[in-house]
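Report on one structure; see the data block that follows.
The values are calculated or read from the model by the stated rules, or taken from the named source; none is laboratory data. As the structure is a computational prediction, the values presented were derived from the model and not from experiment. As a convention, Cβ positions derive from the backbone with ideal geometry for all residues, glycine included, and neighbour counts pool all protein chains shown. These accessible areas exclude ligands, DNA and RNA; they are computed on the full protein's heavy atoms, side chains included. Shrake-Rupley method; radii C 1.70, N 1.55, O 1.52, S 1.80 Å.
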Amino acid sequence: MSPRPNHTNHPATLVFPVPSKLPDIGTTIFTVMSQLAADCGALNLAQGFPDFPVPAALAEGVVAALRAGHNQYAPMAGLPALREALARKTEALYGRRTDPVHEVTVTSGATEALYCAIQACVGAGDEAIVFDPAYDSYEPAIRLAGARTVHVPLVPPAFRVDWERVQAALTPRTRLLVLNSPHNPTGAVLGADDLAQLAAVVRDRPILLLADEVYEHIVFDGARHESLLRHPELAARSLVVSSFGKTCHATGWKVGYVVAPPDLTTEFRKVHQFVQFCVVTPVQHALAAFLESDPDHYLDLGRFYQARRDLFCRLLSPSRFRFTPARGTYFQLLDYAAVSDEADVDFARRLTREAGLASIPVSVFSAEPEGSRLLRFCFAKDEGTLRRAAEILCTI
Ligand code: PMP
Ligand code: GLN
């Protein structure tokens, strides 16, 4: 009898090279740094995830939905009750009336929404503009769609958009502009003036907008989140993405959603139905009930995270790191130029191995990083963790 196949008698390599659609792409920095942090027993302020529990009522809602038998496929576009709750939230917050049937789709995290939106919007011969430093999932999705990524750098130190540079980057092939506000990794926030300039730039051109607004509720210092949904002219050509991961301290649930006009939603769902089809059912039931019963949870997130940002920044004031407090998100950039002239990837690794603190090097988010000396730290952590991290940074 021949032996049963197992991993030990599989051939080590294929007899032909594996074709790669992303030959220059390795494993994402979030996985790399989280693994290094685990290997070194370091504090992990690298990958962005909160260490706060999901609201108790929400967790109980999931258990109740499981017990009530909501365990089969949900509708492809999302549970109607959840889409209705999201349409009400969109109107209450941004003054835009959205039709939950034709304009709201629940997705498997913002990541799936971004991927499907990009596949739906661009193809061979098209160009998509991203702003560097750019969240790392945009460009691979653009390339897999067969389109070309055009990188427009944000202008440090405030990481503002230079709208003249955007204008200059436009070509007849420009089909999509990807925006992210509040911005990961810099914490920058678009203002109403930015939206006015954006409208002027895309007016009379066949350009779609993809707005990654996953940190919509995490904006500081009394500023207001300028969602593209507030701006009727922009909203008419936009897919706006958000995520319950950030809003409910539940990054592991991977539930997000996209709001877009009916014709864009139709194209979006053509892709979504074959990438994911539908999103985990009991969690959708629980989220629908939670959104209705406790809107104060997300309305309070800005204040909640601002307290953490302020604590972290205050603790770091005696350090040799330089920074401008983040205006949104739960990330703080620190400039280490006064400490070392090492490349940020090397410095971040050394900080993890030798000092026991993991962060994210910012250069990995840019096509042309130009010698940045910036690390990103996630401050969505309890006070003890932030104090330990700051103690480490103050000794460097
Ligand atoms: N966009 C940005 C800017 C993010 O920071 C993240 C993750 N933190 C995502 C998208 C992905 O969100 P999700 O975990 O819901 O897929
Ligand atoms: N978005 C999170 C961050 O910026 C990580 C997401 C992931 O690990 N893929 O850290």
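Observations on the structure shown:
- Pairs of Lys in the chain closer than 30 Å at Cα, counting only those 8 or more apart or on different chains: 11
- Annotation for Glu370 and Arg303: the two label points, set 7 Å from Cα along the Cα-Cβ direction, are 4.0 nm apart.
- Put a plus charge on the Cβ of each Lys and Arg, a minus charge on the Cβ of each Asp and Glu, and nothing anywhere else: the dipole of the chain about its Cα centre is then about 440 debye.
- Counting only protein heavy atoms and a 1.4 Å probe, segment 109-239 has 35 square angstrom of accessible area per residue.
- Per-atom-type breakdown for the chain gives carbon and sulfur 54% of the accessible area (1.4 Å probe, protein chains only).
- Extension gain for the segment Ala38 to Ile396, taken as residue separation times 0.36 nm less the Cα-Cα distance, is 126.7 nm to one decimal.
- As a rough guide to protection, the peptides 242-249, 112-119 ranked by mean Cβ packing within 10 Å, highest first, stand as 112-119, 242-249.
- Scoring 78-87, 120-129 by mean Cβ neighbours within 10 Å over their residues and listing the highest first yields 78-87, 120-129.
- Probe 1.4 Å, all protein chains present, accessible-area order of Trp163, Trp253, largest first: Trp253, Trp163
- With R₀ fixed at 41 Å, the C-beta to C-beta distance from Arg165 to Glu383 puts the FRET efficiency at about 0.50.
- Positive-end extreme of charge dipole, segment 145-238 - chosen from Ser181, Val219, Trp163 (charges on Cβ): Trp163
- Inter-label distance, nm, simple model (7 Å from Cα along the C-beta direction), Ala56/Glu91: 3.3
- Potential extension, His151-Glu342 segment - 0.36 nm per residue separation minus Cα distance: 66.3 nm
- Cα centroid separation - segment 174-215 against segment 127-142, whole Å: 13
- Charge sum, other residues only, whose C-beta stays under 13 Å from Trp253's C-beta, Lys/Arg counted +1 and Asp/Glu -1: +1
- Extreme residue, positive dipole direction of the chain, given options Met76, Ser243, Phe304 (C-beta unit charges): Met76
- Euclidean distance of C-alpha centroids, segment 10-63 and segment 281-296, integer Å: 27
- Dividing the mean sequence gap of close Cα pairs (under 8 Å, 6+ apart) by how many residues the chain holds gives a relative contact order of 25 percent.
- Across segment 197-312, the relative contact order, built from alpha-carbon pairs under 8 Å that are at least six residues apart, equals 26 percent.
- With the simple spin-label model, which puts each label point 7 Å out from Cα in the Cβ direction, the Glu292 to Val101 separation comes to 1.9 nm.
- Total charge dipole magnitude, segment 43-153, about the Cα centre, Cβ charges on Lys, Arg, Asp, Glu only, Debye to nearest 20: 300
- Solvent exposure, largest accessible area first (probe 1.4 Å, DNA, RNA and ligands not counted), of Phe323, Phe365: Phe323, Phe365
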